[in-house]
Amino acid sequence: MKQYYYPFLLLASFVLASCGYYEPIDDIEEDNNSILKNESDYFDFSTKSKTNVTIDYGPLGANALIEFFDEFPEQLDADSVPVITGEPFFAGFADADGVLSASITLPSHVSDLWIHTSQYGLPSYIEAKVEDNRISFTNQETKATTRSAATRTVQNPQVWLKDSEYNVYTINPWDDRYGTPIDDNGIISEGTVNSQTIHAIQKALWGGQNQKPEKVFNDKFLSPVLGVINTEIKSEGINNQGQTVRYESAEVWMTFLSEGAWNQNTLGYYIYNTDNPPKSRYEAAKLKKFIIFPNTSVAGHVPFEQTNPSANNVIKRFPKALAPCKPNTRVQLLYVDDEGNVSTQFPAGCSIGYFLVSRPEKTGLPLNSIYSIDFKNIVYSDGALNSNKKTLTVSFMTPDGLAIYGFEDDPGVDTSYEDVLFTIEATPKESIYNPERKILDYTTTGIYGQSVEYSTYMFEDLWPNQGDYDMNDVIVAFNRHILFDSKNNATKITDSFTPTQPQGSAGHTNAFAFVNSTIMACNPSVECSEGIMQDQSGAFVIFTNTNVQRGQTATITYTFETGKGPSKLNLSQYDDAFIIANTKDPMKGNRTEVHSPGFKPTSLADKSLNGTNEDAYYRTKDGNYPFSMQIADRNITPVSEGISIELEYTLFADWVRSKGATNGNWYKWHNRFQQ
């Protein structure tokens, strides 16, 4: 800071207070404020707090990447496709049971947040609250509410005619409003698809990434072989002993995995003679078609999600509890012969094709009648039957022969083939095996996440003497990019620093230094921008003169051996950023260091200054001001030169009085505008 004296400030404070804009900070204690008390008696001025997090997604959430946002991050792009535009303030992987349980460091002001994951079978977004420094969520939408998957005999199954013009039946009736299947045939159960299969599908369709790209194009997975994109019931196959086995029929099950569609989709199947497949849309219309899921929408996906009213919501949304479909739901398919006899046995020599009917979500119409499903828009797995002649289905298989299908409902936007995902299995399983299906890669190495953390450091450089507490002598914007593994251990960290204080705000030559003892204890390899020096205490002197280096960005990159990096969950609480005040040689000992409250001086500091004059562990003895602060935000508006911080950040005083209990977001409310 420049050392000025402002006799008019007392008057200015009175005027501001009388206008309702400012109430000066009263002494926190009534005793002698010149006495140095125990450090625990003082407010720590931290804008972050430890929060205990327990997020339980269940088995389908194993190793899911989970992101936390303080506002709804999704917007619509020019193609009306939802994209994430915000940055998470925290991210981490769930464990093998689908649980993220940890103590993490969050901005203190965060009370309402959005939790996001892209993992198949899980809700995209959930709303949560921080209560008593805890965040807790158990994903009831993926908990089993259906019968177990044990094989059982289906007695007297039946189908119901839904549309005579298009020969459409349903194997399950549904509720009239949203399309929830009703299991009158006793053919619905909980699926057995595990998280390993889920990850393998994501890896295949997301180009090996753990986070879904904005737009995905997977045409390379298309197959011209009809027996791959549909399901043939064969009369013979090779069993596990390598023997040729003949079959007369097979039972077939579909397991709905998940959906990533913007539309609401109806999923079903049709049956034809393998040797005489339909060759035109006209011929396909004559075939009997059977609806399995009238509406594949799941909780946490459009439109069955609660959304922030201030976000870009141009569509009608429904509560998650009303979602008609659940991930990992297994349905036994039914065969109907030409005489109308219904059975669970599909005879050898027949094939099963699949269809999708999309209804744009923006209509917001409930499924209150069959007329809300327009079968003129039916899309078949066999591209030859579609009006545009495009194949909109891909198929893979697991190493043990489980067939996996992905449907695309709108090829004009992308071709991700994940709008509806399902599996097909049969008993005997060899009856539907096709060696031309690609086998999923189950390699689990290389599962990484990335997150960005940021904050702003603000300093008074007259420590330990009284300052003007405008906190603008040195301001450094801090950005941390973390690459981390599935155990939430960092593999690479890049820290960036940029001095942003106003021109001429400090009369002293101040250096800026930084160290994180937890990072350095892991013995990383370190790469620094030119000019960064590591001193004898182990700290990195980033800038030797923040006045001259204002606006310049410097970086430190730490790279760790596999499995030896620090946990990213609470990394920021060990960040010690400090200035070396009024110095021409910051590498020398006996220097004046200004740290944030809660941190200790390094071995190179002049420790005789600590506790003298106004200092009480890097805050004032009256407890009203810090000499350094870490703000859990970026783009902080600097306080005007010579003006005490509470005059322009008018919630600051109440925050201090309450010792952080209220107005935790004070730094978002500058008196000129809301941040």
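The values are calculated or read from the model by the stated rules, or taken from the named source; none is laboratory data. The structure displayed is predicted, hence computed values, not measured ones. Here the Cβ positions follow ideal geometry from the backbone for every residue, glycine too, while neighbour counts run over all protein chains shown. Side chains are part of the model used for accessible areas, which takes the heavy atoms of the whole protein and leaves out ligands, DNA and RNA. Shrake-Rupley method; radii C 1.70, N 1.55, O 1.52, S 1.80 Å.
For region 157-303, a Kirkwood radius taken over Cα pairs fed into Stokes-Einstein (10 °C, viscosity 1.306 mPa s) yields D = 85 µm²/s. Extents of the chain, taken as max minus min of Cα coordinates on every principal axis and listed largest first, are 100, 55, 41 Å.
As a fraction of the 1.4 Å probe accessible area of the chain, surface on carbon and sulfur atoms comes out at 47 percent.
Debye-formula intensities of region 217-349, expressed as log10 I(q)/I(0) at q = 0.11, 0.16, 0.19 Å⁻¹, are -0.60, -1.03, -1.23 (one equal scatterer per alpha-carbon, no solvent). Label sites at Asp275 and Asn590, each approximated as a point 7 angstrom past Cα along Cα to Cβ, lie 10.2 nm apart. Computed extension gain for Asn341 through Asp175, at 0.36 nm per residue and net of the alpha carbon distance, reaches 57.2 nm.
Which log10 I(q)/I(0) values, to two decimals, does region 576-615 give at q = 0.14, 0.28, 0.31, 0.34 Å⁻¹ under the Debye formula with one point per Cα? Normalising to I(0) and taking log10 leaves -0.28, -1.08, -1.25, -1.37. Each principal axis of the Cα atoms in region 234-284 has its own extent, and those three values, largest first, are 46, 31, 15 angstrom. Secondary-structure-derived ellipticity at 222 nm for the chain, considering helices only, amounts to -1500 deg cm²/dmol, per-run term -39500 (n - 2.57) for DSSP H runs with n ≥ 4. Put a dot 7 Å past the Cα of Thr138, heading toward its Cβ, do the same for Glu527, and the two dots end up 4.7 nm apart. Over region 491-544, the pair-distance histogram of Cα-Cα distances with 10 Å bins from zero comes to 18, 50, 24, 8, 0 percent, rounded to whole numbers. Put Asp400, Asp606, Asp441 in order of accessible area, highest first, and with a 1.4 Å probe you get Asp400, Asp441, Asp606.
FRET efficiency for the Ser608 to Thr555 pair, using the beta carbon distance and R₀ = 35 Å, is estimated at 0.50.
Applying 1/(1 + (r/R0)^6) with r as the Cβ-Cβ distance of Gln534 and Ile439 and R0 = 60 angstrom yields a FRET efficiency of 0.75. Note that region 380-476 shows a convex hull volume over its alpha carbon atoms of 213 Å³ per residue.
Could you check how many percent of all C-alpha pairs in region 578-649 are farther apart than 19 Å? Counting pairs separated by more than 19 Å, the tail of P(r) holds 44 percent.
In the context of the full set of protein chains, the chain has a per residue accessible area of 42 Å² (1.4 Å probe).
Along region 515-523 the Karplus relation, 6.51 cos²θ - 1.76 cosθ + 1.60 evaluated at θ = phi - 60°, assigns HN-Hα couplings of 7, 10, 5, 5, 4, 5, 5, 8, 6 Hz to successive residues, with x for each Gly and Pro. Could you calculate the FRET efficiency of Asn582 with Asp97 from 1/(1 + (r/R0)^6), where r is the beta carbon distance between them and R0 is 56 Å, rounded to 0.05? Once rounded, the FRET efficiency stands at 0.55. The HN-Hα couplings worked out from phi for region 245-256 by the Karplus form 6.51 cos²θ - 1.76 cosθ + 1.60 (θ = phi - 60°) are 10, 9, 10, 9, 7, 8, 9, 10, 10, 10, 10, 6 Hz, whole numbers, x standing for Gly and Pro.
Per-residue extension of 0.36 nm, minus the Cα-Cα distance of Asp184 and Val452, leaves a gain of 91.5 nm for this segment.
Could you please put Asp575, Asp77 in sequence from largest to smallest accessible area, using a 1.4 Å probe?
Result, largest first: Asp77, Asp575.
Based on the Stokes-Einstein relation at 4 °C and a viscosity of 1.567 mPa s, and on the Kirkwood radius from alpha carbon pairs, region 418-549 is assigned a translational diffusion coefficient of 66 µm²/s. Angle of helix 9-18 to the longest C-alpha principal axis of the chain, folded into 0 to 90 degrees and rounded to 10: 50°. At full extension, Glu71 and Lys600 could sit 186.9 nm farther apart than now, given 0.36 nm per residue minus the alpha carbon distance. Based on the reciprocal of the average 1/r between different C-alpha atoms, the Kirkwood radius for region 474-585 equals 14.6 Å. Principal-axis analysis of the Cα atoms of the chain puts helix 195-205 at an angle of about 90° to the longest axis.
Among the listed pairs Lys50/Lys659; Lys162/Lys289; Lys279/Lys438; Lys568/Lys668; Lys37/Lys600; Lys289/Lys390, which are separated by more than 18 Å between their Cα atoms?
Lys279/Lys438; Lys568/Lys668; Lys289/Lys390
Each of Asn465 and Ser235 was given a label point 7 Å from its Cα along the Cα-to-Cβ line. The distance between the two points is 10.2 nm. How large is log10 I(q)/I(0) at q = 0.12, 0.17, 0.24 Å⁻¹ when the Debye formula is applied to the Cα atoms of region 537-602, each weighted equally and without solvent? Reported log10 I(q)/I(0), two decimals: -0.43, -0.80, -1.21. Rounded to the nearest 20, the size of the Cβ-charge dipole of the chain about its Cα centre is 1340 debye, with Lys and Arg at +1 and Asp and Glu at -1. Scanning the chain for chymotrypsin sites (Phe, Trp or Tyr not before Pro) that sit in a DSSP loop and have at most 12 other Cβ atoms within 10 Å, the longest stretch containing none of them is 22-441.
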